[in-house]
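Heads up, the thing below is written out as structure tokens.
Quick note: the coordinates plus some simple rules give every number you see, no bench work behind them. Predicted model, so just to flag it, every value in this text is computed and none were measured. When we count neighbours, we look across all protein chains shown, and the Cβ atoms used for this are built from the backbone with ideal geometry, even at glycine.
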Amino acid sequence: MTELSGYALETLREGSEYILYRGRRSDDADPILVLTPLHAQETPANLRWLEHEYSLADKLDPEWAVRPLALTRHDGRTMLVREDPGGDLLEGMLGRPLELTRFLRLAISLTAALRQVHRQGLIHKHIRPASVLVDAAGHVRLTGFGMASRLPRERQPPAQLDVIAGTFAYMAPEQTGRMNRSIDARSDLYSLGV
């Protein structure tokens, strides 16, 4: 799948580096999610992120992850096309109370999805509310695998003080590159607050 011209794109999330769209077609084809760098001037880091997530497609199961379908160019921009399981980003649910049963179902579904990521030999490294899709039934699917590691343990090289890859508020301390500790599956659990 590489043709996006028939899709109407609706913005789901605009971050500092990327924009996420939901694409729908008038012929009732399955909707898609499209991730593209926010700025027309793509950086090598942006492209590596998209290419890396696309390279993991065979490891990502639609039961617990949003699977990439294609890496394509459209209107002069690189775009990662993903399946759209439906639902909303967890990020949009924050800031208002959740009924306890719904909260527990989301928490269980999120930890089950993360368990599957680890069973596939991956460390996500970027778990945050913007990388979690929740459908109407409360099923969670993870997205945002552009930083994921295929290693069971990874050494984070020291980083410049002004450069941190990821979202600091959800990042395990060892991911900052300022500790002499390896990243492993526990780093993802830190992001969940467990």
Starting from 0.36 nm per residue, how many nanometres of slack lie between ALA137 and ARG77 once their C-alpha separation is accounted for?
18.2 nm
At what distance in nm do the modelled label points of ARG119 and LEU94 sit from each other, each positioned 7 Å from its Cα along Cα→Cβ?
2.8
Is the C-alpha gyration tensor of segment 1-75 telling us rounded, prolate or oblate? Criteria: a/c under 1.5 is rounded; beyond that, a/b larger than b/c is prolate, otherwise oblate.
oblate
